[in-house]
Amino acid sequence: MTENKEVSQGFDTLGIDLRILKVLEQKEFKIPTPIQLKSIPVILTDKDIVGIAQTGTGKTLAFGIPMLQRVLEKKGNGLIILPTRELALQVEESLLNIGKALGIKTCVIIGGAPIFRQITQLRSNPDIIVATPGRLNDHIKRKTVKLDKVKMLVMDEADLMFDMGFAPQVNEILKEVPANRQTLLFSATMAPEVIKIATKCMKLPLRIEVAPAGTPAESVIQEMIVLNPEDRIKQLGKILKEYSGTVLIFGRTKRGVNDLSKKIQIMGHTSSEIHSNKSLGQRKNALQGFKDGKYRILVATDIAARGIDVKGIELVVNYDLPDDSADYIHRIGRTGRAGKPGRAISFATPRQIADIRAIEKVIQRNIPLVEMERLMQNPPKEPKQSRNRRSSGINGGKGSFNRVGSQGGEKKFGGFNKLKEGASTGGGFGKTREPRAATGNFNKPRVTGGEARGKSFGGAVRKFKPRGGGFGQR
């Protein structure tokens, strides 16, 4: 009963400035979401908060409206830092949607964009800066940005903000903003250890939680299909025929995303791809094309798991399971947004049962499993140990390899980079070839005088003639 009463409340009951209320009404924002309903009144009292809510529930306006109000009331500037460029662009777009009519200036500071253009924008003294940590630190070192007037600091996707890769950069930013400020953290997932670190930079923060951390939206129907790796593309083809709406597909590697997008195009579908090797312009064009309907399908790495807010995505497909179980929440959160129905289908191999259980532990529920008929008829057999260590995959010995995860039978030699699906390599040659069974004993190669260069297999090329089986003729 209480929940229904809360949902029926409007923005005019939250203490929001009349000027902002007028714009909200013009933009047809009528009923606040639960996180907005609980957060906005508290933030307007200048308290620090940790906000936890499912993806797609309106967290941006939960902190955006109070920040716009602070600027209107001349109570200082705002700074929002986020982990990805796409998310930064999206947040600025949401703020402009309301703030532009109020004369509030925003500036987005992200990598991949011309830095001198950003310097020009910063000289105009924007009221709100939206930034990724790396590029903001570049401006701090260049002394082209001043953060002494920041009175509200927001860290969106805060769990990543305090990840090992971001923590040093965030700490440098915290040194530049005034100690007397309001700090807000928001995310859909927030591990206890992350909260412990994050709250060290806050003053008696309140925890506002509309759903337990890691809880997926109720409107998303989830399904896990267990199948052999080689069957995934065929199964994907069937799924894409079954669903006619927009589809977001997640892959694990940049190369895999490129290859998958090409295969989807061969099927006759319009698709594009997003990953970190794409320029900012290419990523923006791909995302805009997906929003506008130019591309029905978008294939992406986890760079898009927290940076895509496209209305009406019908289906999310996890072609590869994420490396981090918590990223599953952010991936499937791209569908079923704002209470609308959505569906998420994930592919898993028979050897990824432990990964499935880890995801279920994070989301605190079981995911329906579907085993493909072919898999049930032909269950995968464990590989027999071979006497030859190179062909058996047993650890130990020079030149043995370790299996990487369980996706696509990927292999690598100890200490080397991951390879394309199904490929293997000789130590340090940098040249891939189709895997072949080794014959005979793998003997240590003989290096003739003056032909060896470099100190290790990871260095320059060693020229020698192989003896015995294993490599064969080159």
Filter result (more than 19 Å from the chain's Cα centre (by Cα) and surrounded by fewer than 15 Cβ atoms within 10 Å (Cβ to Cβ)) within the range 153-173:
168, 171, 172
Mind listing just one residue for me: the one in the range 16-60 that is more than 22 Å from residue 200 (Cα to Cα) and without any contact (Cβ under 8 Å) to a residue 24 or more places away in the chain and, of those, surrounded by the most Cβ atoms within 10 Å (Cβ to Cβ)?
21
Need pairs with beta-carbon distance below 9 Å; first residue not assigned by TED's automatic domain parsing to the domain that holds residue 332 and among the hydroxyl-bearing types (Ser, Thr, Tyr) and within the range 230-255, second modelled with pLDDT of 95 or more and surrounded by fewer than 16 Cβ atoms within 10 Å (Cβ to Cβ); sequence gap 6+ or separate chains.
none
Taking only pairs six or more apart or across chains, which ones have beta-carbon atoms under 8 Å, a first residue in the range 358-371 that is at positive phi, and a second residue that is surrounded by 13 or more Cβ atoms within 10 Å (Cβ to Cβ) and in a loop (DSSP other than H, G, I, E, B)?
364/214; 364/215
What is the number of the single condition among (1) outside any strand (DSSP E or B); (2) at pLDDT 85 or above that residue 223 does not meet?
(1)
Give the residues of the range 91-124 that are buried (at least 21 other Cβ atoms within 10 Å of the Cβ) and part of a helix (DSSP H, G or I), sorted by residue number.
91, 92, 95, 99, 118
Yes or no: residue 99 over 17 Å from the mean Cα position of the chain (by Cα) and free of Cβ contacts under 8 Å to residues at least 60 places away in the same chain?
yes
Would you check if residue 145 is among the hydrophobic types (A, V, I, L, M, F, W, C), modelled with pLDDT of 95 or more and either within 22 Å of residue 23 (Cα to Cα) or not in a helix (DSSP H, G or I) (or both)?
yes
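The values are calculated or read from the model by the stated rules, or taken from the named source; none is laboratory data. Please read these numbers as outputs of a predicted model, since none were measured by experiment. Because the Cβ atoms are built from the backbone with ideal geometry, glycine has one as well, and the counts that use them run over all protein chains shown.
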